[in-house]
Amino acid sequence: MHRSRHALIVLLVIAFTVLGAPKSARAGAPPPVEQSRLVPSLSPSFAPWSCRTTQSGPVCKGERHFSGAWELSDFPCGDTQVWARGESDRYQTRYYNRDYLDSRREFRTRDIDFLRTSPTGPATATISTNVRFAETFAVPGDDTTRTIVSDGVLWDIRPAAGPAVWRAVGTLVEPPDSGATFSGHVTAGSQTTRYENAPLTEVLSDDTFIAAVCAAATAGQ
């Protein structure tokens, strides 16, 4: 009996040596991400960040929530002064390679600016954005090589009551070395225009933007 038990122990030792420890025992937890090594570094405005190690490199998630106070804006709306207050909710995921260099970022964002034409009282208009966008690096870790692609409601400028004065829905592409282009549709009043890879300056000039903001903010006055 003793010899049989001894033989069984020997066989178990041999099997453990040949086959190795069980997979659960061999596969230890992945090493923590050394956040100080990440290039570019993580934005403090999205802190605290949650990072994990994957086979392709670190992946980090953060979010930012902002609600500002009313301030006098610099929108030139004739003799009418405009006050503005912003709110923003953004969620970001960064993908780094094994060398800790950022190669891609993904965002979800909902930003809204409230406008009014007096220091007090309710908002008379809003400018809102509700998009997903991604930043892809041609050279990992180099911010100057990013291409930004945004999809969704890029701008929605409207009075507090009534339809939008100016609204753009579609895709905005911002390369690092050339002008931004827009594909989608723009509704200005009752007219809708379709664009395909149009220069952003053709779709939304500074004059067009300011005119739409002032029209929305002063609607009903």
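With the requirement that a residue be over 18 Å from Asp143 (Cα atoms) and open to solvent by 80 Å² or more (accessible area, probe 1.4 Å), what does the stretch 25-49 give you?
Step one: list which residues in the stretch 25-49 are over 18 Å from Asp143 (Cα atoms), which gives 25-34, 47-49.
Selection gives Arg26, Ala29, Pro30, Pro31, Pro32, Glu34, Pro48.
Given Tyr100, Tyr96, which one is within 24 Å of Val33 (Cβ to Cβ), surrounded by fewer than 18 Cβ atoms within 10 Å (Cβ to Cβ) and hydroxyl-bearing (Ser, Thr, Tyr)? Give the steps one after another, and end with the answer.
Details: Tyr96 fails: surrounded by fewer than 18 Cβ atoms within 10 Å (Cβ to Cβ).
So the residue among Tyr100, Tyr96 that is within 24 Å of Val33 (Cβ to Cβ), surrounded by fewer than 18 Cβ atoms within 10 Å (Cβ to Cβ) and hydroxyl-bearing (Ser, Thr, Tyr) is Tyr100.
Any idea which of Thr192, Thr144 is touching a residue at least 24 places away in the same chain (Cβ under 8 Å) and exposed (fewer than 15 other Cβ atoms within 10 Å of the Cβ)? Explain how you work it out, then say what you get.
Numbers: Thr192 fails: touching a residue at least 24 places away in the same chain (Cβ under 8 Å).
From the options Thr192, Thr144, the qualifying one is Thr144.
Collect the residues in the stretch 195-208 that are surrounded by 11 or more Cβ atoms within 10 Å (Cβ to Cβ) and in a strand (DSSP E or B), keeping them in residue-number order. Spell out the reasoning first.
The first filter runs over the stretch 195-208 and keeps only residues surrounded by 11 or more Cβ atoms within 10 Å (Cβ to Cβ), leaving 195, 198-205, 208.
Tyr195, Ala198, Pro199 - these are the residues of the stretch 195-208 that are surrounded by 11 or more Cβ atoms within 10 Å (Cβ to Cβ) and in a strand (DSSP E or B).
Taking Val173 and the conditions (1) modelled with pLDDT under 95; (2) farther than 20 Å from Thr126 by Cβ, which numbered condition does it fall short on, given that it satisfies the others?
(1)
Please state which of the following conditions Pro163 fails to meet, knowing it meets all the rest: (1) open to solvent by 40 Å² or more (accessible area, probe 1.4 Å); (2) over 15 Å from Ile127 (Cβ atoms); (3) not hydrophobic (A, V, I, L, M, F, W, C).
(2)
Given the conditions (1) under 24 Å from Leu204 (Cβ atoms); (2) free of Cβ contacts under 8 Å to residues at least 24 places away in the same chain, and given that Val139 satisfies all but one, which numbered condition is not satisfied?
Only one criterion in (1) under 24 Å from Leu204 (Cβ atoms); (2) free of Cβ contacts under 8 Å to residues at least 24 places away in the same chain is unmet by Val139, namely (1).
Exactly one of these conditions fails for Asp177: (1) open to solvent by less than 40 Å² (accessible area, probe 1.4 Å); (2) assigned to a loop (DSSP other than H, G, I, E, B); (3) acidic (Asp, Glu). Give me its number.
All conditions pass for Asp177, except number (1).
Among the residues of the stretch 108-119, count how many are part of a strand (DSSP E or B) and surrounded by fewer than 19 Cβ atoms within 10 Å (Cβ to Cβ).
Filtering the stretch 108-119 down to residues part of a strand (DSSP E or B) leaves 108-116.
Filter again for surrounded by fewer than 19 Cβ atoms within 10 Å (Cβ to Cβ), leaving 108-112.
Result for the stretch 108-119: 5.
Name every residue in the stretch 120-141 that is of a type in the set (Gly, Ala, Ser), assigned to a strand (DSSP E or B) and surrounded by fewer than 19 Cβ atoms within 10 Å (Cβ to Cβ), in order of residue number.
Just the residues of the stretch 120-141 that are of a type in the set (Gly, Ala, Ser), to begin with: 121, 123, 125, 128, 134, 138, 141.
Filter again for assigned to a strand (DSSP E or B), leaving 125, 128, 134.
Within the stretch 120-141, Ser128, Ala134 meet the criteria.
Please list, ordered by first then second residue, the pairs with beta carbon atoms under 7 Å, 6 or more apart or interchain, first in the stretch 155-183 and at negative phi, second open to solvent by less than 20 Å² (accessible area, probe 1.4 Å) and of a type in the set (D, E, K, R).
Pairs found: Ala164/Asp156; Arg167/Asp156.
Cβ-Cβ distance below 8 Å, separation of 6 or more or different chains: which pairs start in the stretch 209-220 with a residue that is open to solvent by less than 50 Å² (accessible area, probe 1.4 Å) and end on one that is basic (Lys, Arg) and at pLDDT 95 or above?
Within 8 Å, the pairs are Ala216/Arg158; Ala217/Arg116.
Would you say Arg158 is touching a Ser or Thr at 6+ places or on another chain (Cβ under 7 Å) and at pLDDT 95 or above? Show your work before the answer.
Values: touching a Ser or Thr at 6+ places or on another chain (Cβ under 7 Å): yes; at pLDDT 95 or above: yes.
Judged against the criteria, Arg158 is a match.
So, in the stretch 69-89, of the ones that are free of Cβ contacts under 8 Å to residues at least 40 places away in the same chain and not in a strand (DSSP E or B), which residue ends up surrounded by the most Cβ atoms within 10 Å (Cβ to Cβ)?
Selected residue: Gln81.
The values are calculated or read from the model by the stated rules, or taken from the named source; none is laboratory data. All values reported here derive from a predicted model rather than from experimental measurement. We place every Cβ from the backbone using ideal geometry, glycine too, and count neighbours over all the protein chains shown. Ligands, DNA and RNA are stripped out before the accessible areas are found, and what is left, the full protein with its side chains, is counted by its heavy atoms. Shrake-Rupley method; radii C 1.70, N 1.55, O 1.52, S 1.80 Å.
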